[in-house]
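*Asks:* This structure is in C-alpha cells; I'll ask about it shortly.
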There are 2 protein chains.
Amino acid sequence: MSIQKNDTITMAHGEGGRLSHNLITSVFHDAFKNIGLSVLDDGALLPAETTASVFTTDSYVINPLEFPGGDIGTLAVSGTVNDLAVMGAQPRWLSLGLILEEGLSIAQLKRIVHSIAQTCSSAPIQLVTGDTKVVDAGHGDGIYINTSAIGTQVFSPAPALQRIKKDDVIIINGFIGDHGITIMSQRTGLQFDTPLQTDCAPLWNLIESLRDYAADIHMMRDATRGGIATVCWECVNGSSFSIELDETKLPIQPAVSGACELLGIEPWFIANEGKVVFFVNPDAADTVLKLLHKHPHGTHAAIIGHVTERSAHSVLLKTTIGTRRIIDIPAGTQLPRIC
Amino acid sequence: MSIQKNDTITMAHGEGGRLSHNLITSVFHDAFKNIGLSVLDDGALLPAETTASVFTTDSYVINPLEFPGGDIGTLAVSGTVNDLAVMGAQPRWLSLGLILEEGLSIAQLKRIVHSIAQTCSSAPIQLVTGDTKVVDAGHGDGIYINTSAIGTQVFSPAPALQRIKKDDVIIINGFIGDHGITIMSQRTGLQFDTPLQTDCAPLWNLIESLRDYAADIHMMRDATRGGIATVCWECVNGSSFSIELDETKLPIQPAVSGACELLGIEPWFIANEGKVVFFVNPDAADTVLKLLHKHPHGTHAAIIGHVTERSAHSVLLKTTIGTRRIIDIPAGTQLPRIC
C-alpha cells in the first residue's frame with residue numbers, strides 16, 4: 001500500500017485508517033521534517049510567552065491551484081504570515097488544514113506540500129500541527145487549504161485603525177494587480193509580451209525592517225481580495241477621515257494596466273498577495289520609503305496618497321487628468337476565488 | 001442589499017466587497033457578539049501567558065450538515081475543543097474558517113452559526129478570529145469548516161504516549177458508535193425503535209474534573225475517525241506494549257449493536273465525537289471511574305481493557321465467547337466524511 005507515482009487521492013486517505021497514516025508519513029513527513037512538524041500528534045505544545053500573541057486564520061480556495069510564480073501552498077503560507085505581519089507580529093507557529101478532493105494527483109499534492117515547506121522556511125514560520133480530510137469527487141476542487149497562525153507582537157505601539165491620523169502618508173511596497181491579473185490570464189488564456197507572475201510572498205522580513213519606526217507606522221494592511229481600494233475604504237469607512245489616492249503615483253506594470261484596459265476593470269480593485277498599504281506619519285514617510293526600497297519586496301515602493309479630513313466619500317482618486325473620482329467598494333469584485 | 005429570508009450564498013459573498021461585509025455583519029456579528037469576536041480584524045490580539053500553550057487544527061466536511069443531536073457547527077467546535085482537552089489543555093481561543101458553497105441557504109448558515117456560538121459558550125472557548133470564502137456550486141458541499149484553537153496547558157504532568165505503562169487500565173466515558181451510526185442512518189434511511197443521536201459534545205468540563213489525578217492519567221485521546229480500535233492501535237503501535245480490550249465490557253447501545261450486525265461493521269471502528277480513551281494507573285482507575293460517573297458526559301463510563309506486555313499484535317479483543325481476536329486498523333474505514 002505504498003504510494004506510487006501515478007496514484008491519486010481516494011476517500012480512504014481521509015478516514016483515519018492505514019491509508020491516512022501512509023499519506024501522512026509518505027507525503028507530509030518527508031516535506032515537513034525539517035520545519036518542525038510532529039505529524040501524528042493531535043496538537044502542538046508551544047512554550048510560554050512573555051509578550052502578547054496574535055492569532056489569525058484564512059482559508060484558500062484559489063483556482064487554478066498552480067500559476068506563474070506560485071501555487072495554493074505558497075499563497076496559504078504567505079497570506080497567513082502577512083496577516084500577522086501587518087499587525088506588527090512576528091510569525092511563529094502555523095497550522096495546516098487540508099481538504100483534498102478524491103482524484104487529486106499525489107504528484108501535484110507533493111508539489112504543493114513542497115511549496116508550503118519552502119514558504120515556511122523563507123517566512124520564516126514553524127509548521128507545528130495539521131489535519132487532512134478528503135471529500136468525494138465533485139465536492140471540492142483539488143485542494144482547499146486553511147492556515148492558522150500565532151505570532152508574537154513585536155511592534156510597539158502596534159499598528160491600529162485608531163492610530164490613523166489626518167495627513168498620514170499612504171505607501172505601497174510595489175506594483176499593484178500582479179496577482180489578480182496573473183490568475184485572470186491563466187483562466188482566460190490572455191498572453192502578455194512580458195511574462196507576468198503573482199507577487200505572492202511572505203512579507204515579515206520586509207515589515208520587520210521597519211520595526212524601529214513602529215511609532216510612525218500608524219496602520220498596515222495587506223491588500224488582498226478587493227485590492228488597495230477596498231483596504232483604503234475599510235480603514236476609513238465610519239471614521240472621521242477620508243483618503244485621497246493619486247492615480248499618477250500608483251505603481252502598475254504595463255502588462256497589468258494593458259490587461260485592465262482590455263478587460264474594463266480597475267487595478268485598485270485587483271487582489272495582491274505581496275502588497276501592504278502603510279499609513280505613515282508624514283515626517284517619517286521618506287525614511288520608511290527608503291527602508292522599503294532596500295528590500296527585494298519593496299524595490300518599487302511608492303507614496304500613493306494621503307489621509308484627509310472627512311469628505312462625503314471614504315475614498316477619492318485624483319485621476320491622471322486632475323479630476324477627482326469617487327471610489328466605492330463594489331458589491332462583489334471582478335474575480336472569484338482569487339485567494 | 002440586506003440579507004432576506006430566502007437568500008442564498010452567491011460568489012460575491014466571498015469576494016471582499018460590500019456583500020462580504022454585509023454577510024459578516026448580518027449573519028456573524030449577531031451570533032458572535034456575546035462570545036468575543038471582533039469580526040472585521042485580520043487577527044486577534046491575545047494576552048501574554050505564563051504557561052505553555054497547545055495549538056491544534058481540524059477541518060470538518062461531514063455529510064449531512066445537520067443530523068440528530070447536532071450539526072457541522074457543533075461538531076467543529078467540539079472536535080477542536082476535545083483535541084485540546086485530551087492534551088490536558090484548557091480551551092481558550094478559537095478561530096473559524098468557513099468555506100461556503102454558492103447556493104447554500106442563508107437560513108441554514110444561520111442555524112449552523114448559531115450552533116457554533118452555542119457550543120463555544122458551553123465549551124467554553126472564545127471565538128476570536130475568522131475568515132469566509134465562497135466556492136462555486138459543484139465545488140463544495142454546502143459548508144466546510146476549519147476550527148483551530150489555542151489552549152493553556154493545565155494538566156501536570158501532561159498526558160503523553162510515552163507515559164503509557166504496562167497494566168494501565170483503559171477507560172471510556174460512555175457508549176461507543178453513536179455518532180457514526182447516527183450519520184450512517186441519516187444517509188441510508190435506517191430507522192431505530194429508540195431514536196439515536198450523535199454523542200458530539202465539548203468535553204473539557206468532564207476532563208477538567210480529573211485534573212487532580214493528572215499524575216495517574218497517563219494518556220487521553222478522543223476516539224473520532226477510526227473509533228476506539230484505531231486510537232488503541234495508534235497509542236501502542238511501535239511501542240513495547242500491546243492492548244487487550246474486553247468485548248463484554250464495551251458500552252454499546254442496543255440500536256448501535258443492532259445496526260452494526262445489520263451492516264456487518266464493528267462498533268470499535270466507528271467514529272465517536274464525545275468519547276475519550278483514558279490510560280490510567282490501575283491504583284487510580286476506580287477513583288477516575290467514579291469521577292467520570294458524576295458527570296453528564298460520563299454516566300456510562302466503563303473500564304474496557306488494559307495495557308499488556310508487547311505481543312505479536314498491537315490490539316487484541318477478548319470476545320464474548322472468551323477467544324482472542326486480532327484488531328488491525330483497516331485501510332480506510334466504513335464511512336467517509338463522518339467528521
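A short reminder: the numbers here are calculations on the coordinates, not readings from a lab. Nothing here was measured: the structure is a model prediction, and the numbers come from that model. Note: ideal-geometry Cβ built from the backbone for every residue, glycine included; neighbour counts use all protein chains shown.
*Asks:* Which of the aspartates and glutamates could a cross-linker span from residue A:165 if the Cα-Cα distance has to be under 12 Å and same-chain partners fewer than 8 positions apart are dropped?
*Replies:* A:216, A:309
*Asks:* Give the relative contact order (percent, whole number) for chain A; include only Cα pairs under 8 Å separated by 6+ residues.
*Replies:* For chain A, the relative contact order is 22 percent.
*Asks:* For chain A, give me the percentage of DSSP beta bridges that are antiparallel, rounded to the nearest 5 percent.
*Replies:* 75 percent
*Asks:* Still on this structure, I have one more. For the range A:56-174, give the share of DSSP beta bridges that are antiparallel, in percent and rounded to the nearest 5; count only bridges with both residues there.
*Replies:* Counting DSSP beta bridges with both partners in the range A:56-174, the antiparallel share is about 65 percent.
*Asks:* How far, in nm to one decimal, is residue B:194 from itself in the other copies if the label point is set 7 angstrom along Cα toward Cβ? Shortest first, please.
*Replies:* 7.4
*Asks:* What does the highest-first list of B:201-213, A:311-323 look like by mean Cβ count within 10 Å?
*Replies:* For the peptides B:201-213, A:311-323, the packing ranking is B:201-213, A:311-323.
*Asks:* What's the Kirkwood radius of the protein assembly as shown in Å, using all Cα pairs?
*Replies:* It is 26.0 Å.
*Asks:* Counting every Cα pair in the range B:11-153, what percent are over 20 Å apart?
*Replies:* When every Cα pair of the range B:11-153 is considered, 45 percent fall beyond 20 Å.
*Asks:* Strictly over 28 Å apart at the Cα level, which of B:166/B:249; A:33/A:290; A:166/A:318 would you flag in this model?
*Replies:* Among B:166/B:249; A:33/A:290; A:166/A:318, the Cα-Cα distance tops 28 Å for A:33/A:290.
*Asks:* Here's a follow-up. Would you work out if the range B:209-300 is rounded, prolate or oblate? Take a ≥ b ≥ c from the square roots of the eigenvalues of the alpha-carbon gyration tensor; rounded if a/c is under 1.5, else prolate when a/b is larger than b/c, oblate otherwise.
*Replies:* It comes out oblate by the Cα gyration axes.
*Asks:* I need the inter-copy label distances for residue B:157: point set 7 Å along Cα to C-beta, values in nm with one decimal, smallest first.
*Replies:* 4.8
*Asks:* Quantify how strongly other chains surround peptide A:268-275 by giving the mean number of their Cβ atoms within 10 Å of each of its Cβ atoms.
*Replies:* If you average over the peptide's residues, the count of other-chain Cβ atoms is 1.
*Asks:* Does anyone have the angle between helix B:254-263 and the longest principal axis of chain B? Alpha-carbon axes, 0 to 90°, nearest 10?
*Replies:* Long axis of B:254-263 versus the principal axis of chain B: about 90 degrees.
*Asks:* How far is residue B:108 from the same spot in each other copy, in nm, shortest first, if each label point sits 7 Å from Cα toward Cβ?
*Replies:* Label point to label point, same position, other copies: 2.6 nm.
*Asks:* Calculate the length of the line joining the C-alpha centroid of the range A:294-339 to that of the range A:85-101, in whole Å.
*Replies:* 27 Å
*Asks:* Beyond 38 Å, what share of the Cα-Cα pairs of chain B remains, rounded to the nearest whole percent?
*Replies:* 19 percent
*Asks:* Still on this structure, I have one more. How many percent of all Cα-Cα pairs in the range B:181-260 sit more than 17 Å apart?
*Replies:* 64 percent
*Asks:* So, one more: Under a Cβ-only charge scheme (Lys and Arg +1, Asp and Glu -1), can you give me the dipole magnitude of the protein assembly as shown about the Cα centre, in debye to the nearest 20?
*Replies:* In total the dipole reaches around 340 debye.
*Asks:* While we're here: From largest to smallest, what semi-axes in whole angstrom does the range A:145-295 give when each is the square root of 5 times an eigenvalue of its alpha carbon gyration tensor?
*Replies:* 28, 18, 15
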